[in-house]
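Heads up: the structure comes next, in structure tokens.
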Amino acid sequence: MSGALNVVAHLAGIAAGDRAALKHLYDATSAKLFGIILRILAERSEAEDVLQEVYITVWRKAAEFDATRASPITWMATIARNRAIDRLRARGSRPTTTLDLATEVVEPSPAADALIDTANDARRVTAALDRLDPRHAAIIRSAYYEGLTYEALAAREGIPIGTLKSWVRRGLIRMRGELA
Amino acid sequence: MLADMVPDDDAVAIDFALGALDGPSLRAAELRLRRDPEFAADVARWQADLSPLIDAVAPVAPPPTIWASVERELFRGLVAAPASSAIARGVGAAVNLWRGLAFGASSVAAVAIALLVARPATPVAEAPPALLAASIASTDAAKAILITATYDPARGAVILTPSAKDASHGLTPELWVIVGKDKPLSLGVIDLHDPQAHRIPQALRSKLTGGATLAISLEPAGGSPTGQPTGPVVAAGTLTVI
């Protein structure tokens, strides 16, 4: 059984109230989700709080997961991203991460990561982004991985917000065109 | 100009799926997400298109304490609270009482009374911090009490006791605290089905004081993506010291 199918089975178990299934799911997915949350929040204690909230949400909402509409990891990653961005916005005026990721190379994924059923898709998306202007691709990645607003990204890049928005939107539409 | 080649609808769906909006534009997109299924489907498609990017995120092993907290929160919150917490035992009793009673306002009153009675009869050397309670009533004309919340500062948790039928309509209820005229602060997503001990993040505990408002809004799966309520606020109540 593939990693993704395992995750689907765990979610079904969780929906039926199986605590062991939640533990299995946690073991299979928590490092990935923690990685996603840490990219957005950077502050470890906050990221830990959010990770905990995510699994509590997954336990309560597993019955709502629809395998025909999203892959299980996409569903969980969306919950994790939403909760982390939620927390980031709740900080309000507190400074966001000062990491300059605009030019940072994204880490390669570990070869042994059996969890993700999207390795193929990931290569295609990465290839499509790589065909864009490197600066545009870097900004799209920053927006996605760090959960930053257009406003924050524009300030960091030192470019007008309108320019930045059009780079991102046109870039993603081109990316989708490459994927089709 | 090239930017004009991006249709407005696509632009907003992209912005929202990325999570790059803030302020009024975010508010507007959220409103649209609830009212416009086509727009919601667009957002979901963009989220799906972008999701392979998570493959490139390096996993980071969380500390073992996280799993312990998840387990404690979900499975021991009501049944086997720390032995030192007489309050928790009292709440357990109240929950049993709640289970034995029919739904409705009268059972809420009974639970509230049970909570009062359940406070330790013999004061220990150090007085326990005061409990705060709120009856969170629906914001519609009926004013039906949806949930009773009791905040126990000693545990850093709100004990939530639903008292009416689940009114979440398949959406995710999220709990908020509002202090004075400040913006609502999220206390996380909750459940309207079962009694639960809902942990409050350390940083937000100081906000739960007498006079603060607890409110519940209905949000998309996973809770509000913005840090502010995006769906209808279905219930609210004021915290008072009990």
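Read-outs throughout are calculated quantities, based only on the coordinates presented, and are distinct from any laboratory measurement. Note that the structure is predicted; figures quoted are calculated from it, not measured. Neighbour counts run over all protein chains shown; Cβ positions are idealised from the backbone, glycine included.
Here are the numbers:
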{"read-out": "Residues A:V168, B:V6, sorted so that the one with the fewest Cβ neighbours within 10 Å comes first", "value": "B:V6, A:V168"}
{"read-out": "Inter-chain shielding of A:28-40 (mean C-beta neighbours from other protein chains, 10 Å cut-off)", "value": "4"}
{"read-out": "Distance in nm between pseudo-label sites at A:R19 and A:A180 (7 Å out along the Cβ direction from Cα)", "value": "5.1"}
{"read-out": "Fewest-first sequence of B:D140, B:D152 by Cβ atoms within 10 Å of each Cβ", "value": "B:D140, B:D152"}
{"read-out": "Which of B:K181, A:K165 has the fewest Cβ neighbours within 10 Å, and the rest in rising order", "value": "B:K181, A:K165"}
{"read-out": "Calculated from backbone phi, Karplus (6.51, -1.76, 1.60) coupling profile of region A:8-18 in Hz, x at Gly/Pro", "value": "4, 4, 4, 5, 5, x, 5, 4, 8, x, 7"}
{"read-out": "Within region A:1-94: Cβ-based charge dipole about Cα centre, in debye rounded to nearest 20 (Lys, Arg +1; Asp, Glu -1)", "value": "260"}
{"read-out": "Highest average packing first - B:39-52, A:36-49, Cβ atoms within 10 Å", "value": "A:36-49, B:39-52"}
{"read-out": "Average projection area in nm² (convex hull over Cα atoms of region B:2-56, one quarter of hull surface)", "value": "4.4"}
{"read-out": "For B:I147, distant residues with modelled amide H under 5 Å away", "value": "B:I136, B:S163"}
{"read-out": "Hz values of 3J(HN,Hα) by residue in region B:8-16 - Karplus curve (6.51, -1.76, 1.60), Gly and Pro given as x", "value": "3, 4, 4, 4, 5, 4, 4, 4, 5"}
{"read-out": "Rounded to whole Hz, the Karplus (6.51, -1.76, 1.60) HN-Hα couplings of region B:217-224, x for glycine and proline", "value": "10, 9, 10, x, 3, x, x, 4"}
{"read-out": "Partner chain coverage, peptide B:196-207 - average Cβ within 10 angstrom", "value": "2"}
{"read-out": "Span from the region A:141-180 Cα centroid across to the region A:5-68 one, whole angstrom", "value": "28"}
{"read-out": "Size of charge dipole - region B:1-52 - debye, nearest 20, with Cβ of Lys, Arg +1 and Asp, Glu -1, no other charges", "value": "260"}
{"read-out": "Shielding by partners, peptide B:216-225 (average Cβ within 10 angstrom, other chains)", "value": "5"}
{"read-out": "Distance violations [Cα-Cα > 29 Å] among A:K61/B:K183; A:K23/B:K183; A:K165/B:K181; A:K165/B:K183", "value": "A:K23/B:K183; A:K165/B:K181"}
